[in-house]
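Encoded as C-alpha cells, the structure appears first; notes follow it.
Readers should treat all values here as calculations from the given coordinates under stated rules, not as data from a laboratory. What you see is a predicted model, and the numbers here were worked out from it, not measured in a lab. Reconstructed Cβ throughout: ideal geometry from the backbone, glycine too, with neighbour counts over all protein chains shown.
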Amino acid sequence: MTELFHVDPVSGIPIYQQLVDEIRSAIKTGKLPTGAQLPTVLAMADSLDLARGTVKRAYDELERLGLVEKVQGRGTFVCYRAPEAAGRKEQAMAAIDALLDRMEELGFTPAEVNIFLDLKLRERTERLANLKVAVVECNPETLSQLSDQLRGLEGVELYSYLLSHVEAYPYNLGEEMDLVVTTVEHAAYIQSILPEDRKIARIALRLSPSSMAGIVKLRSGESLGILSCSQRFGALLYEACAAYTENVAVDRPRLLSEVEDWKGYLRGKTAILVPEGVEKYAGEEALAQLRSFASGGKVIRCAYEMDQGSLLYLQEKLNRLREKKTG
C-alpha cells in the first residue's frame with residue numbers, strides 16, 4: 001500500500017502535510033475505502049525514508065480530521081464515510097456510541113467519561129477559534145518564504161500548498177479553509193476552482209529589503225550567477241537583476257540540481273544569488289561549494305515577502321473572519 005504515497009523533500013511543504021494530503025486524497029477518491037488499514041508508522045517511515053515522528057504526526061492529523069481511527073493493539077483504519085452515506089445526526093450518534101463502548105471497555109466510569117469529554121471539548125473549542133489559512137504559490141522558494149512570514153500571525157493555523165498540488169487536489173482548499181492567501185497572479189484561477197463562498201486574499205509580493213540591498217549594491221563589471229530550486233524563482237531573480245543593476249554580467253538562472261561542474265560554473269563570478277533558506281534545496285556538495293565561494297565572493301540570499309499594504313489588508317481580513325467565527 002505504501003507505493004500509493006510519495007513525498008518531495010524539497011517542495012517547501014512540510015513533509016507530514018504532504019503525507020496527510022496524499023492519504024486524504026486516496027481516502028476521498030476511494031483508493032483507500034472505509035475500513036482499510038493503513039501501514040504501521042514503522043512500515044510507512046521505512047518505505048518513504050521518513051522519521052517515525054513525521055509519520056505519527058501525519059496520522060494524528062488524519063485522526064483529528066476524522067478520516068482515520070486508531071484502534072489500540074490493532075492499528076490505524078480508514079473511518080471516513082461520504083456525507084450522503086447517512087445523515088449527519090445518524091453519523092454523530094453512531095460515533096458517540098462507538099466512543100462510549102470503547103471507554104467502557106477500558107474500564108472508565110460515566111463520571112470519568114464526562115470529565116474526559118469536557119476536557120477535549122474545551123481543547124477543541126480553543127483550537128477551532130484559530131483560523132485555518134491556506135497559502136498557495138507556484139514555486140517552493142516563495143511558498144516557504146511566504147509561509148514563514150504568515151506563521152508570525154497570531155491565531156492562524158497555516159497550510160502551505162504549491163499551485164500544482166492545488167490543481168491536482170482542489171478540494172484541499174474548498175472544505176476546511178477559512179481563507180486562501182495567494183498572489184494576484186494566481187487568484188483568478190484559484191477562485192475558479194473553489195466554491196463561491198470561499199474567501200480569497202489577494203496579496204502582492206516584493207523582494208525583501210535585504211535581498212534588494214544585496215542586488216543594488218552590485219557594481220558595474222561584476223559577474224553574477226543565479227541558482228534556484230525552481231525555474232520560476234530563478235526567473236524572478238533574473239528579472240529583478242535586469243531592473244536594478246547596470247553593466248552587470250548576469251548569467252541565465254540555473255537549477256541547483258543541474259550544476260555538475262561547480263568549479264567551472266563559479267569560475268569568474270563575483271556574486272551568486274540563491275534562495276533564502278538554500279539549505280532546504282541544496283545538497284552537501286552544493287552547500288560546501290557555496291561556503292567556499294563566500295570566502296572570496298558574495299552569496300546573496302534572496303526572499304520575497306508581502307508588501308506592507310498587503311500585510312495590513314490581510315491582518316484586517318483575518319480580524320473580520322475571527323470576529324465572525326467567534327461572535
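Whole-Hz ³J(HN,Hα) for each residue in the range 278-285, computed from phi via Karplus 6.51 cos²θ - 1.76 cosθ + 1.60 with θ = phi - 60°, x for glycine and proline: what do you get?
Per-residue couplings from phi come out as 4, 4, 6, 10, 9, x, 4, 5 Hz.
So how far, in whole Å, is the C-alpha centre of the range 261-284 from the one of the range 295-323?
25
Please give the residues of the range 204-245, grouped as numeric ranges, whose backbone N is less than 16 Å from a label point set 7 Å along the Cα-to-Cβ vector of L266.
223-228
For every other residue with a beta carbon closer than 15 angstrom to the beta carbon of V248, add +1 if it is Lys or Arg and -1 if Asp or Glu, then tell me the sum.
For residues surrounding V248, the net value is +1.
Would you give the gap between the C-alpha center of the range 18-40 and the C-alpha center of the range 194-242, rounded to a whole Å?
37
Under unit Cβ charges (Lys, Arg +1; Asp, Glu -1), what dipole magnitude, rounded to 20 debye, does the range 2-80 have relative to its Cα centre?
Rounded to the nearest 20 debye, it is 260 debye.
Roughly what % of DSSP beta bridges within the chain run antiparallel, to the nearest 5?
Antiparallel bridges: around 25 percent, rounded to the nearest 5.
Any chance you could run the full-extension gain for K31 through A243? It's 0.36 nm times the residue separation minus the Cα-Cα distance, nm to one decimal.
Gain on extension, K31 to A243, equals 71.4 nm.
How high is the FRET efficiency between L121 and I193 when r is their beta carbon distance and R₀ equals 41 Å, given to the nearest 0.05?
For L121 and I193, the calculated efficiency is 0.75.
Which one, [x] 2.02; [y] 1.20; [z] 1.01, gives Cα Rg over 2.2 N^0.38 Å as derived from the coordinates shown?
The value computed from this structure is option [y].
Starting at the first residue of the range 37-51, write each ³J(HN,Hα) from the Karplus equation 6.51 cos²θ - 1.76 cosθ + 1.60 with θ = phi - 60°, in whole Hz, x for Gly and Pro.
Whole-Hz 3J(HN,Hα) from phi for the range 37-51: 9, 6, x, 4, 4, 5, 5, 5, 4, 5, 5, 9, 6, 10, 6.
Across the range 103-108, in residue order, what do the Karplus-derived ³J(HN,Hα) couplings come to in whole Hz, using 6.51 cos²θ - 1.76 cosθ + 1.60 with θ = phi - 60° and x for Gly and Pro?
My calculation for the range 103-108 gives 5, 5, 4, 7, x, 8 Hz in order.
Search the structure for amide H atoms under 5 Å from the amide H of A201, placed 1.01 Å from N in the peptide plane, and list their residues when 5 or more places away or on another chain.
Amide H neighbours of A201: V180, V181, T182.
Do the alpha carbons of any pairs in K120/K324; K132/K324; K31/K89; K70/K325 sit beyond 25 Å of each other, and which pairs?
Beyond 25 Å: K31/K89; K70/K325.
Can you give the FRET efficiency to the nearest 0.05 for K89 and H6, using r as the Cβ-Cβ distance and R₀ = 45 Å?
Efficiency at R0 = 45 Å is approximately 0.75.
Taking only C-alpha pairs under 8 Å that are 6+ residues apart, what is the relative contact order of the chain in percent?
Computed over the chain, the figure is 15 percent.
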